[in-house]
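Taking it in order: structure first as structure tokens, then the write-up.
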Amino acid sequence: MEEDVLYHLDLGTKTHNLPAMFGDVKFVCVGGSPNRMRAFAQFMHKELGLAGDGEDLADICAGTDRYAMYRAGPVLSISHGMGIPSISIMLHELIKLLHHAKCRDVTIIRIGTSGGLGIEAGSVVITDMAVDSSFKPRFEQVVLDDVVVRSTELDRDLAEELLTCSKEIPDLPTLIGHTMCTYDFYEGQGRLDGALCSFSSEKKLDYLKRAYDAGVRNIEMESTAFAALCRLCGLRAAVVCVVLLDRLEGDQIRAPREVLREFQHRPQRLIAAFIRKRLGLRPPAGNTLCPTE
């Protein structure tokens, strides 16, 4: 290919010097919201002790309104929108970007929010395996007129490393479990409060309890596509999501906004500690999230 236009990222091999811009990236963190990923990049800027306050970080994808991308030293922070179609488009172009930039030994982590199963709100789930709505570790992708089934196992050593790091952080309840990925937020997740509902409360609870018995501890809408693509492309990958409610107890998220903000910061705290530890950096003054070895 003479030129590769990464259309949805507003980048390209002829218009940008991708090795100069991204060649030293070692960690890529992706999440749904552009504002959240900007805040994460600013947080990492401070956690890594970089010059300046990080408030003026530029959106590298400012020429498009599809995704947002920020850098903080060796960390790339990118939004992926909501759901499998949106994250898969971003991942295809991100993985090509890393290839064109000649990046090596990159770790990619999805951070986000989710609904829990049988665990308290505020808990952080590190995914060992992403499963579909039938609790199977697979991602079904239609390619031309064929259905291609791909594995969704994630890097177990990376998951254990993250869990070990979490134990050094106060007030950060963390566990490893399966994550169920669905195609929508309402019917696909067994909610009774959508515009349409064709099942009873009893059937909903039976389904969610069967998911729990199969090892599912949280539910979201991106992990199977994320796990499958990263695995096929040889990227070490993890999914780290905080739980906003226990779906066995209800459907609607009713926690106050300030509580939700603190919950949403928990995966960021864990990943910041993990990255600092990998880089051999000490925590900023007054911060004891995860001491270096």
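Suppose each label sits 7 Å from its Cα in the direction of the beta carbon; what would the Glu168-Val142 distance come out to in nanometres?
Label-label distance for Glu168 and Val142, simple model: 4.8 nm.
Let's test this: bin the Cα-Cα distances of the chain at 10 Å from zero up to the farthest pair and state each bin's percent.
6, 28, 36, 22, 7, 1
For Arg278 paired with Thr64, estimate the spin-label separation in nm (one decimal), with each label point 7 Å from Cα along the Cα-to-Cβ line.
Roughly 2.4 nm, to one decimal.
Give the relative contact order (percent, whole number) for the chain; include only Cα pairs under 8 Å separated by 6+ residues.
Answer for the chain is 22 percent.
Using a probe radius of 1.4 Å on heavy atoms only, what accessible surface per residue do you get for the range 185-231? Whole Å² is fine.
Using a 1.4 Å probe on heavy atoms only, each residue of the range 185-231 averages 47 Å².
For the chain, what number of Lys pairs, 8 or more residues apart or on separate chains, have alpha-carbon atoms under 25 Å from each other?
Step by step, the pairs that qualify in the chain add up to 15.
Summarise the long-distance tail of P(r) for the range 193-247 by giving the % of C-alpha pairs beyond 13 Å.
Summing the P(r) tail past 13 Å for the range 193-247 gives 72 percent.
Using the Kirkwood formula on the Cα atoms of the range 39-172, what hydrodynamic radius do you get, in angstrom to one decimal?
Answer for the range 39-172: a Kirkwood hydrodynamic radius of 17.7 Å.
Glu120 to Arg104: extension gain in nm, 0.36 nm per residue of separation minus the Cα-Cα distance?
My answer for the length gained is 2.0 nm.
Over the Cα atoms of the range 1-85, compute the convex hull volume and normalise it per residue, giving Å³.
With only Cα atoms used, the range 1-85 gives 110 Å³ per residue.
Take the alpha-carbon positions of the range 83-127, form their convex hull, and give its projected area averaged over all directions (one quarter of the hull surface) in nm².
4.3
With the Cα gyration tensor of the range 203-293 in hand, convert its eigenvalues to equivalent ellipsoid semi-axes via √(5λ) and list them largest first in whole Å.
30, 21, 11
Over what distance in Å are the Cα centres of the range 64-112 and the range 1-45 separated?
Here the answer is 6 Å between Cα centres.
Over the range 139-213, with a single point scatterer placed on each C-alpha, what log10 of the ratio I(q)/I(0) does the Debye formula yield at q = 0.14, 0.17 1/Å?
Values returned for q = 0.14, 0.17 Å⁻¹ are -0.77, -0.94.
If I take R0 = 41 Å and measure r between the Cβ atoms of Glu258 and Asp184 in this structure, what FRET efficiency does the formula 1/(1 + (r/R0)^6) give, to the nearest 0.05?
The formula returns an efficiency of 0.90 here.
Would you mind counting up the charge near Ala72? Only other residues with Cβ under 9 Å from its Cβ, with Lys and Arg at +1 and Asp and Glu at -1.
Result for the local shell: +1.
The values are calculated or read from the model by the stated rules, or taken from the named source; none is laboratory data. Because the structure is a prediction, the values reported are computed rather than measured. Virtual Cβ from ideal backbone geometry, glycine too; neighbours counted across all protein chains shown. Side chains are part of the model used for accessible areas, which takes the heavy atoms of the whole protein and leaves out ligands, DNA and RNA. Shrake-Rupley method; radii C 1.70, N 1.55, O 1.52, S 1.80 Å.
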